[in-house]
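Let me begin by presenting the structure, written as structure tokens, before commenting on it.
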Amino acid sequence: PPECPFCGEAAGRELEEHVRARHGHLLGAPGTGNGEQLYECPMCSLTCTNIQILEEHVDLHLEEHNFSEGGNFRDLELAQQLQTEEDERQRSEEEKREREEFKKLQRQYGLDNSGGFKQQFLKNMEREVDRGRMQPFDYHKRKADMMESLASGIDDGKTKTSGVIEALCKYYQNENKDVRRVWLSAGVDHFHSSLGDRGWGCGYRNFQMLLSSLLQNSSYNDCLRDTALIPSIPKIQSMIEDAWREGFDPHGASHFNNRLHGSKAWIGACEIYSLLTSLRIKCQIIDFHKPTGPMGTHPRLFEWILHYYSADNEGGTKVVCTSKPPIYLQHQGHSRTVVGIEEKKNKSLCLLLFDPGCSSQEMQKLLKQNSDGTGLKLLRKFVGNLKEKQYQIVAVDGVLSLEEKAARCLASQVLTSEKIP
């Protein structure tokens, strides 16, 4: 509070009344030498010869003081108001950005209730007709085939390419440039994304590839007797939901609100593990959670895959066609299927991958592989080509008993992956 210029007492807003009441007698000052009475301003040392003028002068000081005090108060109020409005504006913009980002992620991962395989298939075919790339007759024929596939739960096979592993085996037997040894998985069909799952279906297509290999192996006949043919993507979604209902991976199920069917939701290694284990197929998830080599590379991933294929296949032949199923390989945003591994003469390693993003037209070129091996660029990935921050693989190795399946179901509710340091 403002202090009195005469006594130093805190006077507050009543400064003017205080000065007049308590110190009015001090407003005068000793006269000049010629006998005039002088009056000195107690606030600025101005001297006046007239008491009324001095009082008016002091009033101006007091009014200025009061105006300044009130102005400062109003300025503080205004500043606080502006800051509050700015905070509210920033909070509103941040909430808007979060909502938009959440919706973007929902769309990206197929959780925005925009429909699933069927809706996307029909929409994309209609677009093809509008652009003149598909005749109406073809549209109605493919729609009928799609509806039949959905009703039966069996994939229509239109994106499948068979016989690539066998063609690779023949190629490597004649190759004599830089491959010292190569290990190939058991036979596997390639499946690529279609009009119905383009942009989100890689996990489902890789499961179809893995399953196509298991169905050719009599060791898995018992656990796959109810899955004798490759299921369609909507059917695979229902199968994963069945695994969740059995109790597998409740945390993962909650991420999808326990529903995949009718959506374009992306799936990953945990969903593949849950589905395979629910079918009594013995498998494990290996988590390569950080790079283990220079420049963000993962040599430990390559070494693990080499050991997987070569552990029981140490024969002296250059080309080893193993009975091992292919491996599901996952990283952020995409997944592929490992169907073999090369060891070069300089001891470097190279993975052979089936990619669901590769069309059947491209894959069929591998069935007529030239002697120079140029077509293998579609499949080959060296250590320097895989630089994602994290990779997960799902590797199959046998059949589970009912008791083992129940134990794994319980374990999956706590931990589903092993991390490689």
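The values are calculated or read from the model by the stated rules, or taken from the named source; none is laboratory data. Predicted model only: the values in this text are computed from it and were never measured. Positions of Cβ are backbone-derived with ideal geometry, glycine not excepted, and every protein chain shown enters the neighbour counts. Keep in mind that these areas ignore ligands, DNA and RNA; they rest on the heavy atoms of the full protein, side chains included. Shrake-Rupley method; radii C 1.70, N 1.55, O 1.52, S 1.80 Å.
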- Query: Quick one: Cα centre-to-centre distance for region 201-251 and region 301-371, in angstrom?
  - Reply: 22
- Starting from the Cα-Cα distance between I51 and E77, subtract it from 0.36 nm times their residue separation and give me the gain in nm to one decimal. 5.5 nm
- Separation in nanometres of the label points that stand 7 Å from Cα toward Cβ, at K347 and S360: 4.4
- Item | For region 117-419: relative contact order, % (alpha-carbon pairs under 8 angstrom, 6 or more apart) | 27
- Loop-located trypsin sites (Lys or Arg not before Pro) in region 287-367 whose Cβ has at most 15 other Cβ within 10 Å (DSSP): K318, K345, K347
- Message: Regarding region 196-324, what's the average projected area of the Cα-atom convex hull, expressed in nm²?
- Response: 10.3
- Pairs from K345/K387; K158/K377; K290/K365; K170/K347 whose Cα-Cα separation, in the structure shown, is over 27 Å: K290/K365
- Task: Compute the length gained on full extension between E403 and C44: take 0.36 nm times their separation in residues and subtract their Cα-Cα distance, giving the result in nm to one decimal.
- Result: 119.4 nm
- Task: Report, as a whole number in µm² per second, the diffusion coefficient that Stokes-Einstein gives for region 117-419 at 20 °C and 1.002 mPa s using the Kirkwood radius over alpha carbon pairs.
- Result: 106
- Item | Nearest-20 debye value, region 117-419 charge dipole, Cβ charges on Lys, Arg, Asp, Glu | 900
- Item | Coil-residue trypsin sites (Lys or Arg not before Pro) of region 162-249, DSSP, other Cβ within 10 Å capped at 16 | K177, R198, R225
- Note on the structure: Given pairs K160/K235; K318/K344; K344/K389 and cut-off 21 Å on Cα-Cα distance, the over-length ones are K344/K389
- Task: Tell me the GluC sites (Glu not before Pro) within region 257-324 that lie in a loop according to DSSP and have at most 16 other beta-carbon atoms within 10 Å.
- Result: E314
- Using a 1.4 Å probe on the protein chains only, how many percent of the accessible area of region 257-370 belongs to carbon and sulfur? 49
- Message: Please compute the length gained on full extension between M295 and Q119, using 0.36 nm multiplied by the number of residues separating them and subtracting their Cα-Cα distance.
- Response: 59.1 nm
- Query: Averaged per residue, what accessible area in Å² does region 273-421 show with a 1.4 Å probe, protein chains only?
  - Reply: 47
- Task: Mind running the shape call on region 119-265? Use the C-alpha gyration tensor, a ≥ b ≥ c as the square roots of the eigenvalues: rounded below 1.5 for a/c, prolate if a/b tops b/c, oblate otherwise.
- Result: oblate
- Task: Just check region 272-401 against the gyration tensor rule for me: Cα atoms, a ≥ b ≥ c as the square roots of the eigenvalues, rounded for a/c under 1.5, and otherwise prolate or oblate depending on whether a/b exceeds b/c.
- Result: rounded
